[in-house]
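The values are calculated or read from the model by the stated rules, or taken from the named source; none is laboratory data. All values reported here derive from a predicted model rather than from experimental measurement. Neighbour counts are summed over all protein chains in view; Cβ atoms, including those assigned to glycine, are modelled from backbone coordinates with ideal geometry. For the accessible areas, the whole protein counts, side chains as well, though only heavy atoms, and no ligand, DNA or RNA atoms are used. Shrake-Rupley method; radii C 1.70, N 1.55, O 1.52, S 1.80 Å.
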Amino acid sequence: VPLITLQAESVGILNICRSTGAQGYDENDLEGAEAIARHLALAVDNASLVARHKADADRYAALAEQNRRVLDSLPSGVIALDRARRVVQANASALRLLQQPLNHPATDWETLARNLSPEGKAAIDRCLAAAASGNELRVTIEEPDSRHLQVRASQGAAFGITLIIDDITHDVEIERELQRTRTLAEVGQMTSAIAHEIRNPLTSISGAAQMALDEQTLDGAKGWAKVVQQEALHLNDLCDEFLDFAKGVALNPGETSIDAVVSELLMQMDSQLIESGTRVSFEPGDQVPIILADKAKLSQAIRNLILNGAEAMVGGGELRISTEAQQNCVLIRVEDHGIGIPEENLARLFTPFFTTKSRGTGLGLCNVRRVIEAHGGSVEVTSRVGVGTEFTLCLPLRTRP
Ligand code: ADP
Ligand code: MG
């Protein structure tokens, strides 16, 4: 008799035998046999179901164990909380970071977090609240034992919230150390730049003074006094540049015509430019509007660009300055046909004290950028070695305050 399950699946055969000589099977016998076969089919079906379940349960347990091991091997603390903030899972790192015993893990968040500082716990609670409403928040807390923990909470699909905790103490320390080193290096660089800059004119001054002392005639002495005066002026300019750098930019804005600023500046620099063999052409743009700007600072910035351009053209050359009104800004271009800037220097151009000149301070462009950015503008540079360099200042249009 076939063993047929309720799902009409054949799962076996029931063999019934009688000893020889006995009578054959009548209808009743066959019905009885079929009834038994149905029961047997059910039993076989149940047995295989149980076996399948057990295999599934074993596989599930193995997966869960594997999952736990993977989680435990992570350096990050991972905690899964349900909506009632009960602990669904907390890996070994989480317990370690929260200074909890490994063998009796807490079953709710409050207990799990009890060794945190009140401020730290409050910060993480804010993360949890944010995550519960669907926002992922990240906080860094500093515990009284100087540990820095970075905590992220996000909404988990099945169980309320997943918390990830990382100990970033080492990173924070390295970053601080780096910052200190950077500051020290900058101070060192600045000190030596200043000392270097001051020594050159000082040497000239003491030399000229000695020569003046040795002079027999008044006119001769006056000649040397002139040198002393020039070098003193140079020192004064240097001090201005260093002070500009140290002070930061406080703007004193007023209605400013860029074209007037450039024209005035070129007049002031005239003799200096002629002396260096620089021929300047200025092409004011059409209808360049009056903008709100700090005239003196702007003039200083453009002056730095002109000086750099002149210095880049050894033995003199053509320097082109132009302005242009655009929809949202005024452009000021300073273009030279000088030595150009190698690719690898472009990124460092605006860094304080970056200079390739023996008498450079490396503060000019740094100050240019600070002034222009204080106006809400930007500085761009394009350059080709051996061909020339173009600096473009972009100043936003601003009507009256
Ligand atoms: P400094 O002029 O004192 O060196 P800057 O900040 O003005 O300092 O300029 C930094 C460096 O950028 C210069 O030393 C030079 O190498 C490079 N540089 C700036 N402007 C130009 C230019 N127009 N052409 C070529 N190089 C330039
Ligand atoms: Mg310069």
Which value, in Å², gives the accessible area per residue of segment 70-169 when a 1.4 Å probe is used on the protein heavy atoms? 50
Go ahead and run the numbers for FRET between E343 and T181, Cβ-Cβ distance against an R0 of 25 Å, rounding to 0.05. 0.35
In debye, nearest 20, what is the charge dipole magnitude of segment 1-157 about its Cα centre with +1 on Lys and Arg Cβ and -1 on Asp and Glu Cβ, if you could check? 880
Taking a 1.4 Å probe, which of Y60, Y25 shows the most accessible area, and what order do the others take after it? Y60, Y25
Charge-dipole axis of segment 208-330 as Lys and Arg at +1 and Asp and Glu at -1 on Cβ define it, positive-most pick from Q327, L305, A212: Q327
Most positive-pole-ward Cα, V172, L95, A84, against dipole of segment 32-179 from beta carbon charges: A84
With all protein chains modelled, accessible area of H104 [1.4 Å, Å²]: 140
With every protein chain in place, what's the accessible area of F391 (1.4 Å probe, Å², nearest 10)? 10
Could you pull the accessible area for V70 with a 1.4 Å probe, rounded to 10 Å²? 80
Distance in nm between A35 and I168 label points, each 7 Å along Cα→Cβ, equals 7.6
Nearest-20 debye value, segment 1-67 charge dipole, Cβ charges on Lys, Arg, Asp, Glu: 260
How big is the gap, in Å, between the Cα center of segment 119-163 and the Cα center of segment 217-266? 56
Might you report the magnitude of the Cβ-based charge dipole of the chain about its Cα centre, with Lys and Arg at +1 and Asp and Glu at -1, to the nearest 20 debye? 600
Just the number please: accessible area per residue for segment 1-48, 1.4 Å probe, all protein chains included, in Å². 78
Give me the angle, in degrees from 0 to 90, between the Cα long axis of helix 364-374 and the longest principal axis of the Cα atoms of the chain, rounded to the nearest 10. 60
Holding the Cα-Cα limit at 30 Å, pick out from K247/K357; K121/K247; K222/K295 the pairs that are longer than that. K121/K247; K222/K295
Under 17 Å from a point 7 Å along the Cα-to-Cβ line of A43: which residues of segment 1-27 have their amide N that close? 1-6, 11-17
Taking a probe of 1.4 Å, how large is the accessible area per residue of segment 281-389, in Å²? 48
Note: probe point = Cα of R83 + 7 Å toward Cβ; backbone nitrogen < 19 Å; residues of segment 126-142 passing the test are 128-136
So how do K247, K297 rank on accessible area, 1.4 Å probe, biggest first, that is with the largest at the start? K247, K297
Taking Cα atoms, how many degrees apart are the long axis of helix 118-132 and the longest axis of the chain, rounded to 10 and kept between 0 and 90? 70
Of every hundred units of 1.4 Å-probe accessible area on segment 292-365, the number belonging to carbon and sulfur atoms, as a percent, is 48
Which stretch or stretches of segment 283-314 have amide N atoms under 12 Å from the point lying 7 Å from S322's Cα along the Cα→Cβ direction? 283-286
Inter-centroid distance (Cα atoms) of segment 51-107 relative to segment 324-351, Å: 58
